[in-house]
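Each remark here refers to the structure printed beneath this line.
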Amino acid sequence: MKTRKELLDEATKHLSTQRPNDARLSAELLLAYVLHSDRTALIRESQETVSADDRAKFEKLVQKRGEGEPIAYLVGEKEFFSLPFYVDRAVLIPRPETEMLVEAVLEKLTPRAAGRFVDVGTGSGAIAITIKKHLPNWEIFGSDVQEESLAVARKNALRHGVEVHWRQSDLLKDVEGMFDAVAANLPYIPTKDVPHLAIGVRYEPWCALDGGVDGLRLIDRAVRELRPRLLRGGWLFLETGNAQEDEVRNLLQTAGYTVESIRNDYQGIPRVVVARWD
């Protein structure tokens, strides 16, 4: 049997040819997952030996990581807004820039005691569940066209002990009632660009990435179709792609919204659009 350090060194060497920037981190995260441990313990107990079964599991995961599969899918978990979420290949992996969308939602909704909020295209449920954790008195809904995605969202809601009303629906067609706020993180990547995304992204569901010819197919629909479901004074929060801010602003203004702000992500890309229906 080999020690933890020996396995990590071997895995790091193997991954370095494909993933030089995060080879060691990937190896440590995968071994920690297999051993039900953490990275600190791996270092502290580096001379502990690893069983043959665990070694085989680890080497299989390292092979998949070398081929480009994201760590989150390999370990079945991704942190979002300091909360752990189960993920599999039925849903997009939650991203740091989407945390900015949640921050914008909480900034606008926190002053109110209660209301109705819906997360359209909920995927893993990360947005809806995070909002419910921070606004427990609000009635929270999450919709998604894919039942496989909703299965993941339900699993995460159960894990975090929150009640969210999940609906299988194309936008809000099968979701009842009016809302004080709507958030939508819909596909926004132009079809021609999807095949050229980073290898890891290509493991994620195509339907959650492909936004049509200009990337705005669903966003255009959402801007028009969600407005009648917003109460006067209600908020619409959108996540958008690179160089889409002008088109999205025009869509919103044409539909009668007031665009309050368009917020840049950590790379300086306009990412989160905050609009109000007055």
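Since every read-out is calculated from the coordinates, none of them should be taken as a lab result. Since this is a predicted model, take the numbers as computed values, not measurements. Glycine also receives a Cβ, built like all others from the backbone with ideal geometry; neighbour counts cover every protein chain displayed.
Numbers at a glance
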{"item": "With eigenvalues of the C-alpha gyration tensor scaled by 5 and rooted, the chain, Å", "result": "39, 20, 16"}
{"item": "Dipole in debye (nearest 20) - region 200-269, about Cα centre, beta carbon charges: Lys, Arg +1; Asp, Glu -1", "result": "360 debye"}
{"item": "Calculated FRET value between THR3 and ALA56, using beta carbons and R₀ = 22 Å, to 0.05", "result": "0.85"}
{"item": "Inter-part distance where region 206-271 and region 63-103 are each reduced to a Cα centre, Å", "result": "23 Å"}
{"item": "Per-residue [θ]222 nm for the chain (sum of -39500 (n - 2.57) over DSSP H runs n ≥ 4, rounded to 500)", "result": "-11500 deg cm²/dmol"}
